[in-house]
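Following this message is one structure expressed as structure tokens.
Just so you know, all these numbers are worked out from the coordinates, no wet-lab data involved. The model shown is predicted, which means the values in this text are computed figures rather than measured ones. Every residue, glycine among them, receives a Cβ derived from its backbone with ideal geometry; neighbour counts consider all protein chains shown.
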Amino acid sequence: MHLDFRAGGSRGSTVVPAQVRPMPPDPAVVVTALYRDNALKLTRMAHIMLGSRATAEDVVHDAFCGLYRRWEQLESKDKALAYVRSSVLNGCRTALRGSAARVSWPAEAHAANVPSAEAMALMSEERRDVIRALWQLPERQREVLVLRYYLDLPDYQIARDLGLAMSSVRSARRRALAALERLLRGTA
Amino acid sequence: MRVIEAKLRDALHEMGEQVPADSTRPLRLRPGHADGNQADMAAHPEMASRIGGARTSRQLRRWLTPAAAAAAVLAIAVGVSTVAAIDHHRLPAHPRSDQLPGHVPPYYVAIHFVPGSPYPGQLRTRAVVTATRTGAELATVNVPRGYFSFVAVTAAADDRTFVLAAQKVRRPSKNPVIFSPTRFFKLTIHPSAAAPAQRAQLTALPVPALARNVFFLDFALSPDGSKLAVSSTDWKTRPQLAGVAKVRVFDLRTGAARNWLFHGHSWTRVFWEQDNRTVALVGSVDRDYRWQVLLVNTSAPGEKSEHVALRIASRPQLIWRDQVITPDGRTLILAREHPRPRGWPVTGSIWLQKYDVRTGHLKGTVDVRKVRLGESDDVLWSNPAGRVLIVTVPLRRFATGPGIHTELRAGILIGDHFTPIPWSRYARTAAW
């Protein structure tokens, strides 16, 4: 979705009389529209990252609430979606670390950082192996692969979302794919 | 596109589609949070002008942000120092009532440091019979001739019979691992006797002493006072028996002894259950972070005597400071230290927690305290069910001895309510 809040407003040096100056859009309306258009895709991404649908929905919901709270502080409103995407990734990391920190007993230790059994049972065998291998990758590499191959983001956008250099994104992706191939060969 | 990329893309999309398209929950935004006061000030410039002449929200923010940051830093500094102070001085004063809660035993034997020692790094100690409620020192027992200090004390359930472990002075040696011989002495107290000299009677137990370079770990007197269980590690024969822990149970009436050897274990704590037969051992396995509670039936023959009650996987960053099995054998009380090496002046926290020995489930967190590294809550006594505890907590007001910068304070802990009991600044440990 492309957000252009300047449409109909003041452009360049044109002075618009105060009485016809358009009201700034209501943040609640804008954020709700943004949520309507992007929540599903982001929830699915979070589900891939977390392996839990309920937690994914919570993370995405919280990310949009955070966007709404900080709307006025957002420097550029057309970067709202990138901001939310970063928030979702941060939320996923926090959720994963939180679940790992809560686990202290050995029986639960394996359940901390893997997708739920329910999620895995719904997939075909080969794709299940791919997801399992993906989950064995380091966090950063996993994020790069999901942003690239699920959200189809270009490298420069991934770099901006993750706060990395372009070269780091490329090398992370290259290493992640190599590791993934290695892991899948091991599985087969 | 490479095959792996295609496979990955397909797998990701398949997993993503597990979230149905119509499942998105409605967004619930809290009204009024989006712009807060700044929007009000933008709408009403006269409100903004009242604060330091700033007329717009942007100008306001320019002034307010550094001021808020400075205030926050100040608040955090004050908060940290207050918490550090409160954490160690928040304990209430001694109780005014004549009765202590929890029906704790009326007397205890404490091991006190004696200031001044002719041997650097080795502290002389003595045992002091003390009344729990008043703190009155009824009798003082010095270390027997030939020995230098008492290092541990354990008690029977009759509140009259105690056993003290005494060690000799460590002599300089080429061998870096040096442990002094350890001998056990029975202390019988008669608190109602008129003369202090008659209130305590120390006799050597008819059990062999632990030899030099045998590392004495822990011991426990059975509730009826008839048996003594001793845990040790044999360092003298380390090349042959690396990591072998030995548990010896002595029958104090007949002098008979029974030994158990455990390879790769270290039983740091020993407890008797109320049946006077079962010994509960707590320790680590193979020097990693797996801990076990092992129950040993000292009356059963052969290998059937041992039964692992609980296995616990810990983490390297956690330090197990104290472990206590309650006399009913059902609860493990554990003081774990969570270090934060960069967190000066508070460098960690102690979590005192109760676990069910049968299931390993957490039953409750008794206490959480911020401490400096090495300071810990110690549980000195527990009632049979573990509901009433006598614990020591560290205070940092005095240097009690050379290299000892922590004064302890003891109290009765019931739930999260701490009732202090009189406690000498020289007392390091005690048994009830």
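Near the amide H of B:Ala139, under 5 Å away, which other amide H atoms are found, from residues 5 or more places off or on another chain, if H is placed in the peptide plane?
When sequence neighbours closer than 5 places are left aside, the close amide H contacts are B:Val129.
Then there's this: Please tell me the relative contact order of the stretch A:123-188 in percent, rounded to the nearest whole number, where contacts are Cα pairs under 8 Å and at least six residues apart.
Computed value for the stretch A:123-188: 39 percent relative contact order.
Would you mind classifying the stretch A:123-188 by shape? Square roots of the alpha carbon gyration tensor eigenvalues, ordered a ≥ b ≥ c; an a/c under 1.5 is rounded, otherwise it is prolate if a/b is larger than b/c and oblate if not. Walk me through the intermediate numbers first.
Details: a/c = 2.79, a/b = 1.89, b/c = 1.48.
Verdict is prolate for the stretch A:123-188.
If amide H atoms are built 1.01 Å from N in the plane of the peptide, which residues on other chains or at least 5 residues away come under 5 Å of the amide H of B:His265?
Those qualifying (amide H under 5 Å, at least 5 residues apart or on another chain) are B:Ala245, B:Asp286.
Hey, got the dipole for the stretch A:123-188? About the Cα centre, +1 on K and R Cβ, -1 on D and E Cβ, debye to the nearest 20?
Using Cβ point charges on Lys, Arg, Asp and Glu, the stretch A:123-188 gives about 220 debye.
Using only atoms on other chains, find how many Cβ atoms lie within 10 Å of each Cβ of peptide B:202-210 and report the average.
0
Longer than 32 Å from Cα to Cα, which of B:Lys186/B:Lys370; B:Lys186/B:Lys246; B:Lys246/B:Lys354; A:Lys79/B:Lys370; B:Lys186/B:Lys363 are they? Say none if no pair is.
Beyond 32 Å: B:Lys186/B:Lys370; A:Lys79/B:Lys370; B:Lys186/B:Lys363.
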